[in-house]
1. Please work out if residue B:204 is charged (D, E, K, R) and more than 9 Å from every other protein chain (Cβ to nearest Cβ).
2. Is there a residue in the stretch A:360-372 that is within 14 Å of chain B (Cβ to nearest Cβ) and surrounded by fewer than 19 Cβ atoms within 10 Å (Cβ to Cβ)?
3. Quick one: residue B:1 ticks every box in (1) at pLDDT 80 or above; (2) of a type in the set (A, V, I, L, M, F, W, C); (3) not assigned by TED's automatic domain parsing to the domain that holds residue B:114 except a single one, so which number is it?
4. Identify, from the list B:157, B:227, the residue that is surrounded by fewer than 24 Cβ atoms within 10 Å (Cβ to Cβ) and either at pLDDT 90 or above or more than 14 Å from chain A (Cβ to nearest Cβ) (or both).
5. Name every residue in the stretch A:384-413 that is aliphatic (A, V, I, L, M) and either at the interface with chain B (Cβ under 8 Å from one of its Cβ atoms) or more than 22 Å from residue A:327 (Cβ to Cβ) (or both), in order of residue number.
6. Within the stretch B:163-200, track down each residue that is out of contact with any Asp or Glu (no Cβ under 8 Å at 6 or more places or on another chain), surrounded by fewer than 22 Cβ atoms within 10 Å (Cβ to Cβ), under 23 Å from residue B:228 (Cβ atoms) and facing chain A (nearest Cβ under 9 Å).
7. Counting only residues that are more than 10 Å from chain A (Cβ to nearest Cβ) and not in a helix (DSSP H, G or I), which one in the stretch B:350-377 is nearest to residue A:431 (Cα to Cα)?
8. Return yes when residue B:292 is farther than 30 Å from residue A:444 by Cβ and either part of a helix (DSSP H, G or I) or not assigned by TED's automatic domain parsing to the domain that holds residue B:177 (or both) and no when it is not.
Amino acid sequence: MATLPVQEPEDAYMEDVYAPDLTSKTSKKSATTVVVDEEHPFDLDAYISNYEPDRSAIKRLMFIASASPALAPQALSKAVDYALKGQDTQLYQNCLSAYMNVVGSQDAMPVDQEWLDKTSAKAQADKDKLEVELKMYTGNMIKESVRMGHNELGHFYRTHGDHATALRHYTKSREFCTNSTHVVDMCLNILELLLEEQNYAHVSTYVFKAEAALDAAGPGADKKKSASNPEKDKVQAKLDLAMALSLLGQSNYDNASWAFMKIGKNLDGWDRRVAAPSDIAIYGTMCALATFERRQLKSALLESESFSYYLEQEPYMREIIDAYMASKFRVVLQLLDRYSARHLLDLQLNQHVKALTKMIKDRALVLYFGPFASIRLDSLAEAFGLTPEETEKSVVTLIQDGSIKGRVDSHNKILKAKDLDHRTELFIRATKTGQEIASANRKLLYRLRLQEAEIVVKPPKNLHLEAMHNYPL
Amino acid sequence: MNLASLEDVVTAATTVSDAATLSMALKAFLKRDVAEPTLASMLANDQDPLALLNPLENTIGYLFILTARLEQSGSGPGLTAQIFSFVEGCSTNLLAWVPERVNTFVSRLLRQPNVREMLEALAIFVQRYPHSRDVFTAVHTVFLQACVRYRVYQVALPVLNNRVAQIDKSIYPITYLDNLLYHYYGAFAFIALKQWADAEEFLEMVVAAPISSNIPSAIQMEAMKKLSLVHLIRYGTIRSLPKYIPPLFAKAIKQSSYGQFAKVYPAGQVQQVAEKEAKTFHADFNIGLVKEAIDMAPRWKLRTLTKTYLTLSLAEIGKEIDMADETILRSLVENMIQIGEISATLEGDTLTFIDEKPNFRPGDIEKALADAQEQCQKLAKLDQAVGRSREFLQKALKDRDTGGGGGWAAAGDEEMLWAEEISAQQAYL
């Protein structure tokens, strides 16, 4: 983990077809540098205090530093502090050099050589010790100890930043799992690692594995129901969170929102390492607003017990939902804009902010226009706090993908709902279907006759061997 | 019956009323070395044997002599007249006895120097030859191939517009290639005449021809390429094919240059992709269709605008469909209004789109109903025929013996599709 790559938003698919290339390029740039000011507040200390000072927190800080130059010195000095609490010398040096680059020479921070020497010596000693132990366990063929040995080594490599080796040890430990609880443990270890790496493609595999193991553990645990259930709930909550994050990471917003709604309250430490409760509130709400129907919002989001708990952590999210439910879309968009700094500076959310905001806006436009027969584009723009040009462009895109059934009077700037004459529509459809079926029938009948007469395309004779060659089965 | 000379042949042709005996005798006569020159010659009294024969009543004799003459002497004005009187007058029932001689007749006809005239004669013959006009014969294919070769598409239209629907292998033997080629060449003709709907149907027939393995015919693949381009021209996008067409065609197209082209059509960089893939298009002889599709692209873009806007100025349209020259744009818009591709009015610089409201007259409805009823009757008849057929009864019997279920599953997709079609038809009614 030498330097963090600048996150490029995956916005290719939402680029407006009609917008010239130039604007999309500039908008890309603005997405990578986030402006924090009075209108777009962001409290770094409050934000980062939600997390344990571990590697993933440092990753968040590094991301903030790369996205917002104004916050970079503060974020990086914090990152250096955090790195000193850890054991990864490489990470410390990276943080420090990044900090130096940003602040220049006058505010330079001295290299803590003593810590460096001490830590790397300790790392070497720990590593040797763990490896010797593992060797010994393997020699003794004690399964449980071998598993623990691999786990320990996995943890060790993880804290020292060697994720590939860590993953290898975690995976290796699988062979020595003797019961399903061990499998669940292994899966959780791997999941935490994958989530830190933001490697979402494989998350679902381990979630399913863990869920299967959890179910297998279920029947046996039934006897001591009261004791085992909270434990199981904890694991389930973690798995749900992992699933939700991976779906979000893969831009599968619809499923992600359902996954976020499911997450239980007790995350057992992951709420300080993987995602803070306020993060869950933000991710879940954004996804839900972007994909849910109004009815679903009410039933799944507002009336969900577990998600309300998360919503309490981030009061402005509730404000947004309330405004949305009251159809005050202007307020929704204003709030989204106001907190855009918070959203854009979030490591996981950054690349989805633009897409989600656009989806929320589009959905709101469709909702707003629903009851009208015609509406002036000016008043539509007014209701959403957009410019008339923006409004027209959004409306046109929505009409073209079929979300709004209407047409734009570009001359008078009016959006008119399509006036449907059901009788004519029916006639058109009936005659069209009739003709289609008649022609389909004719073609099918002829085909039937061909088959009856066994006039069938046969493969050339010499091709027979070739085909066998191509398809070994 | 033993025929020795032309006189015998003429006598037999006029007197023997049993077609089976006559055709046997004539076929036997053909085995002689001098049969063809003899048949082509004049009678001893220098009389034209064909003058003694009636094309309708003595179809077989007429055919044998006429066919011989095509080969022996070049066709003069007299021969052409005889050919026309034969094709217009011949008896379908009698021709069914001598399919081999018919094939010879057709192939010799096409070797005549005045082939265009001959094609007209053949067009008439093709429609008279089978016992029902919708029966498909190998002559259809030969005829169409020649039409495409000599680029006389208009002549083929009466034949093509009468869709083939039946096959009678016992009288008119055909192979799968005949069927594929007929529709492929038919599509050629329709493409040349820019009758896209018909071209689409014919190409689809080629692609839809039943295949026994996973290996389609090369003709089918070529047809699929053309079909995808015709779809672009007709609908602005590649449509999904009927369910009974194996998915391998759609898959193959998706990965090909045609798929690339369709992906950007009509709003994207159509021209650029076409240039990039030009080599393939040239190699497949599809560059003409591609050009046609490119020409249609602005029209498709404009058509999508009608769904989005009520009014637009020409300048705005130009911006949307990427056409800078206002005079070209104006003439394009005017043309589209004229031929009814868009319903709109152009006043000054403002185009106002009008909602299309087709008027249905009672007559139209009645015609639609009558068509549907006719279809229904046809299907009912077919249903009965299937119900009586040996295969069906055997299967049904087996089905009953095994307690049902299995029989249907074994019957395969075809019947299932068929059942769906029928129920769809009923639902429509």
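The values are calculated or read from the model by the stated rules, or taken from the named source; none is laboratory data. The structure presented is a predicted model; accordingly, all values stated were derived computationally and were not measured. FYI the Cβ positions are ideal-geometry reconstructions off the backbone, even for glycines, and counts take in every protein chain you see.
1. Numbers: charged (D, E, K, R): yes; more than 9 Å from every other protein chain (Cβ to nearest Cβ): no.
Spelling it out, it is not the case that residue B:204 is charged (D, E, K, R) and more than 9 Å from every other protein chain (Cβ to nearest Cβ).
2. no
3. Every listed condition holds for residue B:1 apart from (1).
4. Working: B:227 fails: surrounded by fewer than 24 Cβ atoms within 10 Å (Cβ to Cβ).
None of the other options fit; the residue is B:157.
5. Our first condition is that a residue be aliphatic (A, V, I, L, M); within the stretch A:384-413, this holds for A:386, A:395-396, A:398-399, A:404, A:408.
Matches in the stretch A:384-413: A:396, A:399, A:408.
6. B:176, B:177
7. B:361
8. Details: farther than 30 Å from residue A:444 by Cβ: no; either part of a helix (DSSP H, G or I) or not assigned by TED's automatic domain parsing to the domain that holds residue B:177 (or both): yes.
No: the conditions fail for residue B:292.
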